[in-house]
Amino acid sequence: MIDETYIMKHKFSGDRKAATALVIIVMVLLLLGGRHFEKLSNHSYLQDLRLSETLELIEVREELELYVFEHILRLEELSSFVGNNPDLTQEEFAQTASRLHETTPDILNFAVARDMVVSHVHPLQENQYVLGIDYREMPGLLEQVNKAIAKRSVVLTGPIRSLDGEYLMFFRSPIYVPATLAGAGEQLWGVATIVVRLEDMLEHAGFQDMAETVDFLILSEDEEAAEPKVVAGDPSIQEQDPVTLELDFPNGSWEVLTIPSGGWPTTAPTQSRDRWIVFLMGLFCLSILAYIIYISRSHRLARTRLSSAIGAMEDGFAMFDTEQKLVKCNENYVRAFGELSEITKPGVSLATLLKEGVKRGQFVDAFGNEEEWLSARLDEISRPHARNDMRLSNGMFVHASIRRTSEGGSVVILSDVTQLKNAVERSQAANEAKSQFISTLSHELRTPLTVVLGLAKLTHEIERQPAYAALEKALQNDPVDVEECRKAMRGLADHIKSVTGKQTNSASYLLELINEMLDFSKIESGRLDIEVTECKIGDLVATVEQQMRPLMEDKRLEFVVEYEAGKVLADGKRTRQILTNMLGNAAKFTERGFVALTVTQRDGEVRFNVEDSGPGIEEADRQRIFEPFEQVDSSLTRSKTGTGLGLAISRKLARAQSGDLFVESTPGKGSLFTLVLKPVESHEEQTRLSA
């Protein structure tokens, strides 16, 4: 009995020890597992926090880049205006600056410095003290100005603290006088500057709202500076493992670094809850399984969020491993290289994508120098950071940024800059059109002026003319032959009439050019008055017919006029101007055949049709001829005269009367220009319905 009791006690003691050991093992495993779970939870929370800040920074970057590019366009528009008008007055400068200020009211002031000396400023009253400042006497400013001149583009500098304590940002751009104005060639005129508040710039981009939840630092990276320059924020943020994002601008970039307000949290806000979860899981048989499911779910959620964030990016995103093979990319990256979509899959190398793209003609810039272009791109892959602008065969312009990761892989971001490139090209095309117009107008004005001056000289030196000599000789005869004198007088009168007639034609043409310029200026500035009244169609047509018939007869063209009686809502003077321009163009370009003016009424519209049997207009030119300063042939050797403003003015006048002007044409057969206006009956019906 004693032995059984001993054995039983010994067994119980062994079970207790085993249980104690098991409890200790479970507690150790629970503590170890709980600690591991806590670290993973904190890590997941920090990853989500960093991802959230990265997405917020991407939105801020887009707003700030849009703000900067908008102000760059305003500055280039100002530079272009000054370059085309180098001798402009302060009043003209102020008018242009005021117009630009209406679209970008956050600009504090505009200034231009001719020959490095500030010559114009707006607003003048608040900034009059700036006039006369010589950049060459201020080394700091001169360095910034020389940088803009060297790059031949806009340079963004700052921030600089003003006397009022505000931090300001400066946009500077060189101004060049076009070759047609400068004489021998394009010359540097000076420098244009616009100034904005750093506070306004950051507020527009959303930094002020972001500052409520995060601390941020903005660094300006200049390739010529040894260290980045602090734009705004606390420099100590660099040492706190911040979230970083680069903002690219022309000729420079900013790097934005952010951390949560007060620094990164050491623990997740759910730490206490997680500990309870681990404790409860340790009391149940399914604790280990639940723990694995929870961790697996957390990781899967983090990956899903990361994938969703990458997919939601407007830019193309791709990640490559240490062997430069594709790991992951979003849809925008695949869409950018549409012709390579079937091979853009995980595992394909970046070099293969580039080589195949060159082979298929994906990269327009590589045409003609494929080997050199490919060699340059492959060299960029090995660099820590590279940027490049590429033009693709699908019409897109992309800015490619390649950065090396800490593990040795690469991240590629493709930003679609097509709209920006197109805007720059349109601006350049507008400048070229204006330059061409100035050259054309100079040619158009010089020819009639030369005629007027030449004929005036002939009239001034009439004693040398044969008709005058014949009259003088007849008067010197003794006795005087009256019939011979009368004949000589008629010859002299015919000569004077011929000379003055040519002078009148040249002067009339000059007046027509000036009137076109004045009308276009009034239309563009919104100062053209349109008075729409009830006009008889017959009166409009009769006046224009009477004016244009002699021209048609001089060119021996058949002139057909047909119209339906009625009334039209129009400005009579401007409508006659439109019809005269349409008929004048028809006569100008029609060498034989007919010109017809017909007026019809249908579908609540009055249509004034001018048809000719001229050479017609190619489809590519039919819309371009309605643009200011545009002609089918705008070269100085063209056979037909004109400024290229007639049709542009006519269409604007038509639309100002709630009408329109358009063209239909068949090359080789002729053209049909149609002016559409509203009849009186249509206006009365609309008035009745609205009442």
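Every number here is computed from the coordinates shown, using simple stated rules; none is lab data. Values in this document were obtained by computation on a predicted structure and should not be read as measured data. Reconstructed Cβ throughout: ideal geometry from the backbone, glycine too, with neighbour counts over all protein chains shown.
Let me test this: with uniform point scatterers at the alpha carbons of region 369-426, what is the Debye-based log₁₀ I(q)/I(0) at q = 0.12, 0.14, 0.16, 0.17 1/Å? Log10 of I(q)/I(0), two decimals: -0.35, -0.47, -0.59, -0.65. Under 19 Å of direct C-alpha separation, and excluding same-chain neighbours fewer than eight residues apart, K487 reaches these aspartates and glutamates: E463, E472, D478. With the simple model of a label 7 Å out from the Cα in the direction of the Cβ, K151 to H299 spans 4.6 nm. Determine which aspartates and glutamates satisfy two conditions relative to K359: a Cα distance under 16 Å, and not lying fewer than 8 residues away in the same chain. List returned: E339, E342, E370, E371, E372. A straight Cα-to-Cα reach below 20 Å connects K678 with the aspartates and glutamates D529, E531, E534, D539, E562, E564, D571, D603, E605, D660, residues fewer than 8 places away in its own chain not being considered.
Any of K39/K345; K588/K669; K229/K328 with alpha carbons more than 24 Å apart? Name them for me. Mind dumping the intermediate values first?
Working: K39/K345 34 Å; K588/K669 15 Å; K229/K328 34 Å.
Distance filter (> 24 Å) returns K39/K345; K229/K328.
With charges only on Cβ, +1 for K and R and -1 for D and E, what is the dipole size of region 122-205 about its Cα centre, in debye, rounded to 20? List each step's numbers first, then the result.
Details: 7 positive and 10 negative charges, 84 e Å.
With only Lys, Arg, Asp and Glu charged at Cβ, the dipole is about 400 debye.
Farthest toward the positive end of the dipole of region 30-126, out of H101, L75, L40, is the Cα of L40, where the dipole comes from beta carbon charges about the Cα centre.
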